[in-house]
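Shown next, in structure tokens, is the structure this report addresses.
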């Protein structure tokens, strides 16, 4: 059985839940309460020296980290249904959309960065919110431009089935909504995320649907 | 012919040059001068709405973005020599080390973030440098712990041949040195990066070896 060490609100864990669900895989989910600092405990540090979630324990007994690496693993270990298209250029397109979120947006707005802004730089709440919204706007402007300009866009980010691009987009849209980002300039990506959220596999991966949700 | 749109000092472009060189691929390199704002010009925005480098134009005529997506493409299109190991768990390990750099370290210390700290938050040079060094220390502490604790570490990050983990590590070490980060707490990763830099394929990918270096 696959075991996912997770926190309901972690958007990286949310990505992995979506990938697992889309592939129809069964998994146990063990909550790591980030607010209570459980990710800093020795038990979790042994699984991941970075102290981050998600960590996926595989059926082969490995503990995997980094949501993108976990998704690539799931794609290789459990190929059906695929979350990457067939052609190599198309695969690169899907990965680059996912990585736009993973490398240009999410890292700037995670808990430890927001904590540094408050604790080390002493910024107030409004300045912190402006920081958050700035990086969301910058990333989503690029994401929206790609969806509208690139011919491969379909009812989902790439064609008419969900791919890793959607797996990464949906949690980022959730986060943006939670931080009151104005998404009116990104109708294509919002429509795409809404279509994703109609899928039961994605709906049941959402933060509010998890056992540890508060 | 492959064409890489690049800037000598961009560490994401540096990664792609290393991967291209390790695979023995010929490519044209077209400099995009970030200091002169050439990445914001329409010609480059057409290649990449994000206005970032690197962009790889493939032999099939696609323009690929995001260094990790480009590296995965190169691995799939030109499999020899491989930059990912064979076993699926080992591939996940290598990817997670590369992504530790790509998702947890580099995004926090790139030009646009440092610019925001100075221009929007009004921090001084010392505070900006402390920010930079904080995220390098946090990431490298985890990277070092993994290299020392995980049995798969060899003379390179994974076994005895360079992989994508080394491709991502080397430019990050270059950057850390440029920003005067104290690396004495990370002897394993520094030794690994030094071994990489002895390879002619990696040496000729270095910023100072590029035609647009100043």
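The values are calculated or read from the model by the stated rules, or taken from the named source; none is laboratory data. Here the structure is a predicted model, which is why all the values come from computation and not from measurement. Neighbour counts are summed over all protein chains in view; Cβ atoms, including those assigned to glycine, are modelled from backbone coordinates with ideal geometry.
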Residue selected from segment B:97-120 under the condition modelled with pLDDT of 95 or more, more than 9 Å from every other protein chain (Cβ to nearest Cβ) and within 18 Å of the chain's Cα centre (by Cα), by the criterion surrounded by the most Cβ atoms within 10 Å (Cβ to Cβ): B:101
Matching residues in segment B:158-180 - criterion: being over 21 Å from residue B:22 (Cα atoms) and either out of contact with any helix residue (DSSP H, G or I) (no Cβ under 6 Å at 6 or more places or on another chain) or at pLDDT 95 or above (or both): B:176, B:177, B:178, B:180
Qualifying position, being in contact (Cβ under 8 Å) with a residue 12 or more places away in the chain and either within 21 Å of residue A:106 (Cβ to Cβ) or not assigned by TED's automatic domain parsing to the domain that holds residue B:195 (or both), among B:175, B:110: B:175
Counted residues, segment B:80-91 - those being more than 8 Å from chain A (Cβ to nearest Cβ), within 17 Å of residue A:75 (Cβ to Cβ) and either over 18 Å from the mean Cα position of the chain (by Cα) or part of a helix (DSSP H, G or I) (or both): 4
Residue satisfying condition, being facing chain A (nearest Cβ under 10 Å), farther than 29 Å from residue A:152 by Cα and part of a loop (DSSP other than H, G, I, E, B), within set B:94, B:123: B:123
Answer residue from segment A:127-136, given it is away from every other protein chain (no Cβ under 11 Å) and touching a helix residue (DSSP H, G or I) at 6+ places or on another chain (Cβ under 9 Å) and is farthest from residue A:187 (Cα to Cα) among those: A:132
Residue count for segment B:51-62, restricted to those that are surrounded by fewer than 16 Cβ atoms within 10 Å (Cβ to Cβ) and either in contact with a strand residue (DSSP E or B) (Cβ under 8 Å, 6 or more places away or on another chain) or more than 10 Å from chain A (Cβ to nearest Cβ) (or both): 1
Test for residue A:22: is it more than 8 Å from every other protein chain (Cβ to nearest Cβ), surrounded by 15 or more Cβ atoms within 10 Å (Cβ to Cβ) and at pLDDT 95 or above: yes
Which numbered condition residue B:155 fails, given (1) exposed (fewer than 15 other Cβ atoms within 10 Å of the Cβ); (2) touching a residue at least 12 places away in the same chain (Cβ under 8 Å); (3) within 22 Å of residue B:20 (Cβ to Cβ); (4) out of contact with any strand residue (DSSP E or B) (no Cβ under 8 Å at 6 or more places or on another chain): (3)
Of the criteria (1) modelled with pLDDT under 95; (2) more than 16 Å from the chain's Cα centre (by Cα), which one residue A:52 fails: (2)
Selected residue (only one of A:126, A:211, A:206 is farther than 25 Å from residue B:51 by Cα, in contact (Cβ under 8 Å) with a residue 12 or more places away in the chain, surrounded by fewer than 17 Cβ atoms within 10 Å (Cβ to Cβ) and not assigned by TED's automatic domain parsing to the domain that holds residue A:23): A:211
Some residue of segment A:133-140 being surrounded by fewer than 23 Cβ atoms within 10 Å (Cβ to Cβ), more than 15 Å from residue B:50 (Cβ to Cβ) and assigned by TED's automatic domain parsing to the domain that holds residue A:98: yes
Hits in segment B:47-57 (condition: touching a helix residue (DSSP H, G or I) at 6+ places or on another chain (Cβ under 9 Å) and not in a loop (DSSP other than H, G, I, E, B)): B:55, B:56, B:57
Candidates B:146, B:77, filtered to the one that is more than 23 Å from residue B:24 (Cβ to Cβ) and at the interface with chain A (Cβ under 8 Å from one of its Cβ atoms): B:146
Test: residue in segment A:32-50 that is closer than 12 Å to residue A:212 by Cα, in contact with a strand residue (DSSP E or B) (Cβ under 7 Å, 6 or more places away or on another chain), crowded, with 19+ Cβ neighbours inside 10 Å and more than 13 Å from every other protein chain (Cβ to nearest Cβ): yes
Evaluation of residue A:35 against (1) over 27 Å from residue B:67 (Cβ atoms); (2) in contact (Cβ under 8 Å) with a residue 24 or more places away in the chain; (3) outside any helix (DSSP H, G or I) (one fails), failing number: (2)
